[in-house]
Amino acid sequence: MLSQDGGRVGFVGVSLGGALPYGVVDEARCVYGLRHRAPHRRCDCGFHCVHDRAQAEGLLCTAEHRAAVLLEVAVLGSYIRFERGFRYARQRVRAMTVGACVRSCGAAAGVLTEADWGRPGWHALQATCADCARGRVAVSLAAFARLAGNGLRVRAGQGAAPPPSGAGVDELAAEAAFLQARLDWFQTRLARLVERGSTGQDLGS
């Protein structure tokens, strides 16, 4: 996920947690809005993970998860064990692996571009090749890692690494698209401030 102003990134879950973006290091919150601490034994809340990487990769074969990324996490805080993994209170995302371009062009993915959905204040992102990224809000893998902070490692999965001859071009194109999106946002904000000032309204903070 990329914030509307382009200054923050995050993640959403692929099932119940899909409504609540979270950071690289974050606390789980009850998706039903209940006031108990996650995870609760009588609720489904909390971060979820599986023990086996092969099981997680297998989920990426399904149509509903094909555009998802694979996260390697460190489980922190209290947890509840289940047959395939853990449900827990706090986590640190250590690494993110992206797949191939989701645009069905067969090319390797080198950037993350806005998908056809989002959340209020957030753009959903998906792995895309440089050609399919044109005209869309885009963030390079390196830029995503930099915005995420906390030592997050972002890498292309097997078969998705960009060819050596075009690696620099892809990243520069993604960075340029990202900067353009930030510039558009700042210009919109500036225009609103100027308009408010010209009508004598209090700008406030």
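The values are calculated or read from the model by the stated rules, or taken from the named source; none is laboratory data. Bear in mind that the values here come from a model prediction, so they are computed numbers and not experimental data. Ideal geometry is used to build each Cβ from the backbone, glycine not excepted, and the neighbour counts take in all protein chains shown.
Go through segment 98-118 and give me each residue that's crowded, with 21+ Cβ neighbours inside 10 Å and free of Cβ contacts under 8 Å to residues at least 12 places away in the same chain.
Hits for segment 98-118: nothing passes.
Would you mind finding the one in LEU34, LEU16, LEU59 that is without any contact (Cβ under 8 Å) to a residue 12 or more places away in the chain and farther than 21 Å from CYS129 by Cα? It would help to see each step written out before you state the result.
Values: LEU16 fails: without any contact (Cβ under 8 Å) to a residue 12 or more places away in the chain; LEU59 fails: without any contact (Cβ under 8 Å) to a residue 12 or more places away in the chain.
The unique qualifying residue is LEU34.
Of all residues in segment 6-25, how many are buried (at least 18 other Cβ atoms within 10 Å of the Cβ), farther than 22 Å from VAL111 by Cα and at pLDDT 90 or above?
0
Please specify each residue of segment 119-128 satisfying the condition of being in contact (Cβ under 8 Å) with a residue 40 or more places away in the chain and not polar (S, T, N, Q).
Within segment 119-128, the first condition is being in contact (Cβ under 8 Å) with a residue 40 or more places away in the chain, and the residues that meet it are 119, 121-127.
ARG119, GLY121, TRP122, HIS123, ALA124, LEU125, ALA127, listed by residue number.
Pick from segment 79-89 the residues that are among the charged types (D, E, K, R) and surrounded by fewer than 18 Cβ atoms within 10 Å (Cβ to Cβ): which of them is nearest to ALA127 (Cα to Cα)?
Selected residue: ARG84.
Say we look at segment 28-75 and pick out the residues that are assigned to a helix (DSSP H, G or I) and of a type in the set (Asp, Glu); which of these is surrounded by the fewest Cβ atoms within 10 Å (Cβ to Cβ)? Step through it out loud before you land on a result.
In the first step, residues of segment 28-75 are kept if they are assigned to a helix (DSSP H, G or I); the result is 53-59, 63-65.
Keeping just the survivors that are of a type in the set (Asp, Glu) gives 57, 64.
On the way: GLU57: 15, GLU64: 9.
The extreme case among them is GLU64.
For (1) modelled with pLDDT under 75; (2) at negative phi; (3) assigned to a helix (DSSP H, G or I), each residue gets a yes or a no:
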{"site": "VAL93", "(1), (2), (3)": "no, yes, no"}
{"site": "THR113", "(1), (2), (3)": "no, yes, no"}
{"site": "GLY135", "(1), (2), (3)": "no, no, no"}
{"site": "ALA145", "(1), (2), (3)": "no, yes, yes"}
{"site": "SER165", "(1), (2), (3)": "yes, yes, yes"}
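Is it the case that TYR79 is more than 30 Å from ARG103 (Cβ to Cβ), in contact (Cβ under 8 Å) with a residue 12 or more places away in the chain, in contact with a Phe, Trp or Tyr (Cβ under 6 Å, 6 or more places away or on another chain) and not β-branched (Val, Ile, Thr)?
Yes: the conditions hold for TYR79.
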